[in-house]
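Have a look at the structure below before the remarks.
Derivation of every value follows stated rules applied to the coordinates shown; laboratory data play no part. Keep in mind that this is a model prediction, so the values were computed, not measured. In this analysis, Cβ positions are derived from the backbone assuming ideal geometry, glycine residues included, and neighbour counts consider all displayed protein chains.
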Amino acid sequence: MKKVFSIVAVAALSAAFVACGPSKEEMEKIEQAKQDSIAAVEKAKQDSIAAAEAEMAKAAEAAMQAKADSTRVADSLAAASKGKKK
């Protein structure tokens with residue numbers, strides 16, 4: 001009697017365990033959500049890299065403009081000081 005009860009209990013628990021698991025559709029939805037999340041993170045990463053590159057290009061342009069302005073001012077001061085000495 002104990003063996004029969006044990007076998008029935010194991011069968012019932014096994015059936016309950018299998019029945020309570022996620023269905024194939026649920027597993028596919030979970031996998032799709034995971035893939036969507038990975039894609040969103042990858043897109044955010046690419047957007048961040050692009051924004052950083054744009055900021056670096058802007059800073060480089062500003063540095064070049066500052067250098068050009070500095071050179072222009074130095075040239076004009078040099079020209080002005082030559083004009084005063086004459």
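Conditions (1) surrounded by 10 or more Cβ atoms within 10 Å (Cβ to Cβ); (2) over 19 Å from the mean Cα position of the chain (by Cα); (3) among the acidic types (Asp, Glu); (4) outside any helix (DSSP H, G or I), marked per residue:
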{"residue": "Val18", "(1), (2), (3), (4)": "no, yes, no, no"}
{"residue": "Glu28", "(1), (2), (3), (4)": "yes, yes, yes, no"}
{"residue": "Ala39", "(1), (2), (3), (4)": "yes, no, no, no"}
{"residue": "Glu55", "(1), (2), (3), (4)": "yes, no, yes, no"}
{"residue": "Ala68", "(1), (2), (3), (4)": "yes, yes, no, no"}
{"residue": "Ser76", "(1), (2), (3), (4)": "yes, yes, no, no"}
Item to complete: Look at Lys43 and say whether it is surrounded by 10 or more Cβ atoms within 10 Å (Cβ to Cβ) and out of contact with any strand residue (DSSP E or B) (no Cβ under 7 Å at 6 or more places or on another chain).
Response: yes
